[in-house]
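Reading through the C-alpha cells given below for one structure.
The values are calculated or read from the model by the stated rules, or taken from the named source; none is laboratory data. Here the structure is a predicted model, which means the values were calculated and not measured. Cβ placement follows ideal geometry from the backbone for every residue including glycine, while neighbour counts extend to all protein chains displayed. In case anyone asks, the SASA skips ligands and DNA or RNA and just uses the protein heavy atoms, side chains included. Shrake-Rupley method; radii C 1.70, N 1.55, O 1.52, S 1.80 Å.
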Amino acid sequence: MDDLFIEEEIKELREKIAYHNDLYYKKTAPEISDREFDQLLNRLQYLEEKYPQYKTKLSPTEKVGSDIQYQAKIIQHKVPMYSLENAYTIDEIEDFYEKLKKIDDSIFYFVTELKLDGLSINLYYENGTLQYATTRGDGFEGEDVTENVKTISSLPHRIDYLEPIEIRGEIFLPRAEFERINSEREENGEKLFANPRNAAAGTIKLKNSEIVRSRNLDYRVYTVGLFGKREINTQYKLLQFFDNLKFKTEISDRELGFVGYVGGKLAIISQCQMWEYQKNNLEYDIDGLVIKVNEFKLQNKIGFTSKSPKWAIAYKFKTEEKETELLGVDFQVGRTGAITPVARLNPILISGSTVSNATLHNEDEIKRLDLKIGDYVTIIKSGEIIPKIISVNYKIRPKTAKKIKFPSHCPVCNSELNKEPDGVITYCNNIACPAQIQRRIEHYASRDALDIDGLGEAVIKQLLNNNMIHKIDDIYHLDFGEFATLPKQGNKSADNLKQAIERSKNQKFHKIIFGFGIRYVGERTSKILAKNFKNIDELIQAKVDDYLEIEEIGEKIAQSLVDFFHQPDKLQMIENLRKSNVIMESKNQASSNVLKDAKFLVTGTLENYKRAEIKELILEFGGEFLSTVGKNLDYLVVGENPGSKLDQARKIKTIKIINETEFLELIGK
Ligand code: AMP
Ligand code: ZN
C-alpha cells in the first residue's frame, strides 16, 4: 500500500473513533455497536504498530495494550454509598461498643463480616432485571461498569424481586487468579499489578469485556441502598434475603462461619482476633472485619455521619512491616535470559512465614530505592504473598554500605548482557547458557506446559549435573535404569517419571507451544495460536503478517514468534521432539476446524445444550460466537421460544437460520 493512503486511513480512523467516542460517552447515543467500534480501534492499532512513523500521543490508541480504559458514563446513586470508620486496635473496638451502649443500652446483637479487599459495587435492579452496575465513585455518583460486571457468571442478571432495589457489595479477584494474571502479564512484557485489589479495580474499567471475562472476577453482596421491603429488618435477614435471590454472600459459606452473628463485646473481639489469625487461609484477600449493629431499627436510631454509618466499624488488620538487613543481591537468569536481581535478606518472620529473599525486578528498581548492600530495609508482603522491599532506612545506613553493581556479564555463562532497546530488562542472549537451559526445561515440564509429574527443579538439576540431559528433547531419551541408581531415586520413581514423560507426548497443542517458552508468548497467546494453526509446521512457516492477521496478536509477539522459529537450535529441538513422537498438532483435529471462521449466534432454549455449552462447542470446532445480529453473522441457531434475534436475522438474507439438529449435523454429531 502506498504510504499516502496509509496516512489518510489513519487520520480517518482517528476522526471516526473520536466521533463515536463522543456519541457513546458524552451523548450516550451510540450509532455503531461496541463490536464495530472495537474493529475500528483494532485497525488503527494495527496500522500504528505497523507504521510507527504516524504514531502520536494524541491518538485514541495511546493507551495501547489490553488495558485500554475509557471515560465511562456517570450515574447517580439513588441512595449515597457510605464508607466505613476504621478501628486499628481492639481498644478502639471497645470504645465503639461502649459509645453505642450509651445511645441505647438494649443494643446487643451484631453481625461481623469479612472486609473483602476489592472495590465496592452498586447493582440496580428494577422489575427483577439488572439495569446497571456502577462503581462507588465519590459516594454520590459512580461510573457505569455494567457490561464488565455482567461477565461475572455467578452474578444474577434477573432476580425474583420486582421492586426497585440497589444491591451493594464488593468485587474482587481471588489470589490464585491474581497470580495467574500477573504471570501472564510478565510473559507478555506488561506491567504487573501490585496486588489483587488494584488488579480488580483496573479490570472493572477495561473497555474490552472479553478480557474482563477471562479474568474471573468474583463478588459478594452485603448491603442495600434503595430498598423498600419492610419485613427484612436486620442485617442477618438481609444476607439471607440475598442468599435466597441467588446472590453470593458470605453466609453462603455459613458452615465455615464467615459471618458472625454475635452478642456482646467479648464475642466481637474474639471474632476480630480469630480472623486476624486466620486470614491467610482464605482464597482471597481481606483487610479487616466489618462489625455492624444487626437491627435496622437500632441502626436508624444511631444514624450516620456525613461519610459513614455510626452503627458500623471496620476493624483493620495490621499489615506486618519489618526491618531487616540486606545481605547481598543475587542475579538470577530466567529461561528467556532475563536477569532478575534478588535481594538476599537476613531472614525474618513476617505474616506467618520466614522471608529471606525479595525480588528487586530490574536495575531501575534498585536505583529507585537507592539501595546499598548492608542497608536496613522495610519488608511487607504485598497482597499478603510476595515479599517486597518498600523502603530503605537511610538514617542508619552503615559507613561500610556497598554500592550494588549490576553485572555486565552473565553470572552463570559469562557472556555479555544486553538491554532491550526500549526496555528496562537486561538479557543474557547466549542460548547455550546453562542457567537458561535449566529454567527452560523446568518450564517445559511445568504444570501449565507439558505437565510432567516428577520432573521438577531438583530432578532436572540432578539430570543436568550427571550429564544425562543437555536440552529439552533429551528427556525423551532418558536412561531410566541409570536414573533409578541416582541418589534419592529408585525403581518406583524411575517408573513414574517414565510414564509421565510418555504421557506428555500427547499433550494438548497449546500446552506444547507454551512449553517452548517463547518470549512474550504466555498461556493465553498459546491457546490463540493453537486455535489458528493446525500443527507445528504451519507455525514454523508462518510469516509476521500471518500472525498479525490474528486479532489478538500484535507486532511484538509476531516478531518474537518468527525469531523463535528461525533459530536453528529451536528447529533442531522440534525435529528431535517429532522423532520422539511428541505430537505437535491440535488434537481431535479431524473435526476441530469444520466451522472455521463461521460466525454463530443462538436464540431461545436448546434441548440438549445450555448457552455456555453450545458456545464452547462452536469455539471448539473453530467457529466464532457473536453477541449481536449483523451482516457478518453466518448462522443463527434457533431453539424453543426464540427472541427478537430471530426477527432481526430474517431480515438479512445471508444469515442461515438452523435448528439444533441441523447444527449438530454441521459438526458431525
Ligand atoms: P474503606 O475503603 O477502608 O473506607 O472501607 C469501606 C469499604 O469497605 C466499603 O466501601 C466497601 O467497599 C468495603 N467493604 C468490604 N467488605 C465490606 C462489608 N462486609 N461491609 C461493608 N463494606 C465492606
Ligand atoms: Zn548466561
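Each of 269, 558, 121 was scored by the projection of its Cα onto the charge dipole of the chain, and the greatest displacement toward the positive side belongs to 269; charges sit on the C-beta of Lys, Arg, Asp and Glu.
For GluC sites (Glu not before Pro), the sites in segment 261-349 that DSSP calls loop and that have at most 10 other Cβ atoms within 10 Å are 283. Averaging the sequence gap over all C-alpha pairs within less than 8 Å and six or more residues apart, then dividing by the number of residues, gives the chain a relative contact order of 9 percent.
So what does residue 356 come to for accessible area, using a 1.4 Å probe and Å² rounded to 10? The accessible area of residue 356 comes to roughly 50 Å².
Surface calculation, 1.4 Å probe, protein heavy atoms: residue 534 sits at approximately 80 Å² accessible. For segment 434-579, the relative contact order is 22 percent, taking Cα pairs closer than 8 Å that sit 6 or more residues apart in sequence and dividing their mean separation by the residue count.
Quick test of your reading: applying the under-4.7 Å Cβ rule, which cysteines of the chain are isolated? 272, each lacking another Cys Cβ under 4.7 Å. Here the chain is treated with +1 on each Lys and Arg Cβ and -1 on each Asp and Glu Cβ, and its dipole about the Cα centre works out to around 1040 debye. Expressed to the nearest 5 percent, the antiparallel share of DSSP beta bridges inside segment 74-316 is 95 percent.
Selection among 349, 425, 331 by position relative to the dipole of segment 322-427 gives 349 as farthest towards the positive end (Cβ unit charges, Cα centre). Around the amide H of residue 121, modelled in the peptide plane, lie the amide H atoms of 169, 170, 171, all under 5 Å away and 5 or more residues distant in sequence or on another chain. Computed from label points 7 Å out along Cα-Cβ, the spacing between residue 306 and residue 631 is 5.6 nm.
Counting only aspartates and glutamates at least 8 places from residue 631 when in the same chain, those with an alpha carbon closer than 12 Å to its own are 36. Using only Cα coordinates, the Kirkwood hydrodynamic radius of segment 322-427 works out to 14.5 Å.
Between the beta carbons of residue 39 and residue 365, assuming R0 = 35 Å, the FRET efficiency works out to 0.35 to the nearest 0.05. For segment 198-283, applying the loop criterion from DSSP together with a ceiling of 11 other beta carbons within 10 Å to the trypsin sites (Lys or Arg not before Pro) yields 230. By the rule of a C-alpha distance below 27 Å, with chain neighbours fewer than 8 residues away ignored, the lysines paired with residue 102 are 115, 237, 265, 292, 297, 301, 307, 310, 316.
Over the Cα atoms of segment 118-232, each weighted equally, I'd like the Debye log10 I(q)/I(0) at q = 0.17, 0.19, 0.24 Å⁻¹, rounded to two decimals. One equal scatterer on each Cα of segment 118-232 leads to -0.82, -0.98, -1.40. Largest accessible area first, the residues 17, 652 order themselves as 652, 17 under a 1.4 Å probe with ligands, DNA and RNA left out. Accessible surface comparison of 361, 20, probe 1.4 Å, protein chains only, largest first: the order is 361, 20. Loop-only trypsin sites (Lys or Arg not before Pro) in segment 361-401, please: DSSP not H, G, I, E or B, and at most 16 other Cβ atoms within 10 Å. Loop-located and lightly packed - 399. Using heavy atoms of the protein chains and a probe of 1.4 Å, the accessible area assigned to residue 557 is about 20 Å². Can you give the helix-only mean residue ellipticity at 222 nm for the chain, where every DSSP H stretch with n ≥ 4 adds -39500 (n - 2.57) and the sum goes over all residues, rounded to the nearest 500 deg cm²/dmol? So the helix-based figure for the chain works out to -10500 deg cm²/dmol.
Only Lys, Arg, Asp and Glu carry charge here, each on its Cβ (+1 for the first two, -1 for the last two); on that basis segment 322-427 has a dipole of about 400 debye about its Cα centre. Once both labels are positioned 7 Å from their Cα atoms along Cα-to-Cβ, the gap between residue 641 and residue 278 label points is 4.2 nm. Placing +1 on each Lys and Arg Cβ and -1 on each Asp and Glu Cβ, with no other charges, gives segment 434-579 a dipole about its Cα centre of roughly 360 debye.
Each 5 Å bin, from zero up to the one with the longest distance, holds this percent of the alpha carbon pairs of segment 455-537: 3, 13, 21, 20, 15, 12, 10, 5, 1. Between residue 266 and residue 163, the contour length at 0.36 nm per residue exceeds the alpha carbon distance by 33.2 nm. Above 48 Å, the calculated P(r) of the chain contains 27 percent of its Cα-Cα pairs. For residue 395, the lysines whose Cα comes closer than 21 Å to its Cα, not counting residues fewer than 8 places off in the same chain, are 322, 367, 372, 403. Accessible surface comparison of 275, 311, probe 1.4 Å, protein chains only, largest first: the order is 311, 275. Let me make sure I get this right: for segment 171-212, a, b and c are the square roots of the gyration tensor eigenvalues over alpha carbons, sorted descending. Under 1.5 in a/c it's rounded, otherwise prolate if a/b > b/c, else oblate. Which is it? Cα axes put segment 171-212 in the oblate bin. If a spin label sat at a point 7 angstrom from the Cα of residue 468 along the line to its beta carbon, the backbone N atoms of segment 491-508 nearer than 12 Å would be those of 491-498.
Label-to-label distance for residue 179 and residue 534 is 4.0 nm, based on points extended 7 Å past Cα in the beta-carbon direction.
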